[in-house]
1. Hand me the list of helices (runs of 4 or more DSSP H) wholly inside region 70-158 holding 2 or more residues that are within 15 Å of the chain's Cα centre (by Cα) and farther than 26 Å from K39 by Cβ.
2. I'd like the full set of residues that are polar (S, T, N, Q) and under 17 Å from L61 (Cα atoms), limited to region 80-139.
3. Can you name the number of the only condition in (1) at pLDDT 90 or above; (2) surrounded by fewer than 17 Cβ atoms within 10 Å (Cβ to Cβ); (3) basic (K, R) that K39 fails?
4. Please list, ordered by first then second residue, the pairs with beta carbon atoms under 7 Å, 6 or more apart or interchain, first in region 142-156 and more than 15 Å from S6 (Cβ to Cβ), second surrounded by 15 or more Cβ atoms within 10 Å (Cβ to Cβ) and basic (K, R).
5. Among the residues of region 2-22, how many are within 16 Å of the chain's Cα centre (by Cα) and assigned to a helix (DSSP H, G or I)?
6. Can you spot a residue in region 70-82 that is free of Cβ contacts under 8 Å to residues at least 60 places away in the same chain and surrounded by 13 or more Cβ atoms within 10 Å (Cβ to Cβ)?
7. Please specify each residue of region 3-34 satisfying the condition of being of a type in the set (G, A, S) and farther than 12 Å from L78 by Cα.
8. Against the condition over 16 Å from N86 (Cα atoms) and modelled with pLDDT of 95 or more, how does R150 come out, does it pass?
Amino acid sequence: MLENISFVGGIHGVGKSTICKSICEKFKINYLSASEVLKWSKLNTDIKNKKVDDISLTQDLLINGLKEQVHKSKHYILDGHYCLFNKEGNVERIPFDTFQKINPTSLHVITGNIDKIKKHLEERDQRQYNYKLLEKMQDAEIEYANEISRKMLKPLVI
C-alpha cells in the first residue's frame, strides 16, 4: 500500500523519537510518530499509560491516518512498535497485516540498556516500571521484527 516508509520500532523510552528526528533532519526525510498519526492522546486520557485496550483498533486508526498523511512522492520514517502492552499489561504483537499494509521499505529496531530505559521512563512518566517486563518487551520486539523481516523479505537493522 504505502511503500515509502521506513519503520523504526523499539520499546517505550529507548530513544526512537530522538534518533528518528535526528535522522530525518539530517537527511530531509519526513518524520511520523505512530502515536501522533493514530491520535493516541485522544484515545487515552492518560497518555503516559502504555496499556492499549484494543490493539486492532489502534492499528486501523494508524493505517487510516497514514493514508491521509503520506504522499507517494516523499519518503518517511515511522516511529512505532512491533509489540505493545495490551489492556492486561502483557506483551502483544501488532497484527502482521498492519505491517503488510504499511509495506515498509526497511525495518529497524532501536535497542538499549534496560536499566537506563527503566530509569528514563520512570523519570519521564513519574511511575514505576517492571524491569523484567521491559526486558520481555525488548526481546519480543526484536524477535517479531526478525519474523516480519523474513516473511516480507525486507531488510532489518537492529
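1. The helices (runs of 4 or more DSSP H) meeting that bar are 131-152.
2. If the condition is that a residue be polar (S, T, N, Q) and under 17 Å from L61 (Cα atoms), then N86, T98, Q100, N103 are the ones that fit.
3. The single condition K39 does not satisfy is (1).
4. Between residues of region 142-156 that are more than 15 Å from S6 (Cβ to Cβ) and residues that are surrounded by 15 or more Cβ atoms within 10 Å (Cβ to Cβ) and basic (K, R), the close pairs are Y144/R93.
5. Here the count works out to 6.
6. no
7. If the condition is that a residue be of a type in the set (G, A, S) and farther than 12 Å from L78 by Cα, then G13, G15, S22 are the ones that fit.
8. Judged against the criteria, R150 is a match.
The values are calculated or read from the model by the stated rules, or taken from the named source; none is laboratory data. What you see is a predicted model; the values in this text were computed from it and never measured. Here the Cβ is made from the backbone with ideal geometry for all residues, glycine too, and neighbour counts use every protein chain on show.
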